[in-house]
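Comments concern the structure below.
The values are calculated or read from the model by the stated rules, or taken from the named source; none is laboratory data. If you're wondering where the values come from, they're calculated on a predicted model, not measured in any experiment. Cβ placement follows ideal geometry from the backbone for every residue including glycine, while neighbour counts extend to all protein chains displayed. Just so you know, the surface numbers come from the protein's heavy atoms only, side chains and all, with ligands and any DNA or RNA stripped out. Shrake-Rupley method; radii C 1.70, N 1.55, O 1.52, S 1.80 Å.
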Amino acid sequence: MNSLQIDRAGRADIEQILPLLKALFALEEDFDFEPDKARCALERMVGDRERICLLVARVDGEVVGMCSAQLVISTALGADSAWIEDVVVDSHWRGQGIGNALLTELEQWCRQQGATSMKLLADHDNHPALDFYRRNGWSGTNLIALKKSINT
C-alpha cells in the first residue's frame, strides 16, 4: 500500500468525507444521506476537538476512510465512555488494514481522554462490518438501540 496517514480531520477535509458518509448511509437502513445536514455535523465535529475526535485516513493525500468518537459520561462506569459514530473506508481500499488503523488511533485518543469503554451501533444486516468489528475485539451486548425523533 502507498503511504497511509491517519490525521485529525479539519474543515478542508469535509468535502472528501461526504462521499464516504454517503456510501456508509447507503448500507444503513435507518439513515438517508442528506449532504447539507452531514456537512453541518462535520463542521461542528471539527470545531469541538475537546470532546470529539474525527479522524481521516489518507493515502497519498487522498481521504479514503474516516471514523469519529464522541465522549459521554457513563453512570454505569462512573467515567467517560466513547460513542463511535461513523467508521467507513472507501470500497476500493477495504481489506488493507485502513479500518483497523483508524480504530486503533481512535482508541488511543479515547484512552488519552480517560474513556474506559467504546461503544458503537452497526446495522444488524451489515455482516462484513460486524465481522470486521469482531475480528478487532468488539463484542455484542444485550442492549438494543431505540430512537425517537424530536422536531424542533
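Miscellaneous remarks
- Of all residues assigned to region 128-149, at least one qualifies as being in contact with an Asp or Glu (Cβ under 8 Å, 6 or more places away or on another chain), among the hydrophobic types (A, V, I, L, M, F, W, C) and at pLDDT below 95.
Residues checked against (1) open to solvent by 30 Å² or more (accessible area, probe 1.4 Å); (2) assigned to a loop (DSSP other than H, G, I, E, B); (3) modelled with pLDDT of 95 or more:
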| residue | (1), (2), (3) |
| --- | --- |
| GLY65 | no, no, yes |
| LEU71 | no, no, yes |
| ALA76 | yes, yes, no |
| ALA82 | no, no, yes |
| GLU85 | yes, no, no |
| ASN100 | yes, no, yes |
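- Residue check, TRP109 aromatic (Phe, Trp, Tyr) and either under 11 Å from the mean Cα position of the chain (by Cα) or assigned to a loop (DSSP other than H, G, I, E, B) (or both): no
- Residues satisfying the stated conditions in region 117-152, i.e. open to solvent by 90 Å² or more (accessible area, probe 1.4 Å), in contact with a helix residue (DSSP H, G or I) (Cβ under 9 Å, 6 or more places away or on another chain) and closer than 19 Å to ALA69 by Cβ: SER139
- Within region 8-39, being open to solvent by 30 Å² or more (accessible area, probe 1.4 Å), small (Gly, Ala, Ser) and either over 20 Å from ILE52 (Cα atoms) or part of a loop (DSSP other than H, G, I, E, B) (or both) holds for ALA23, ALA26.
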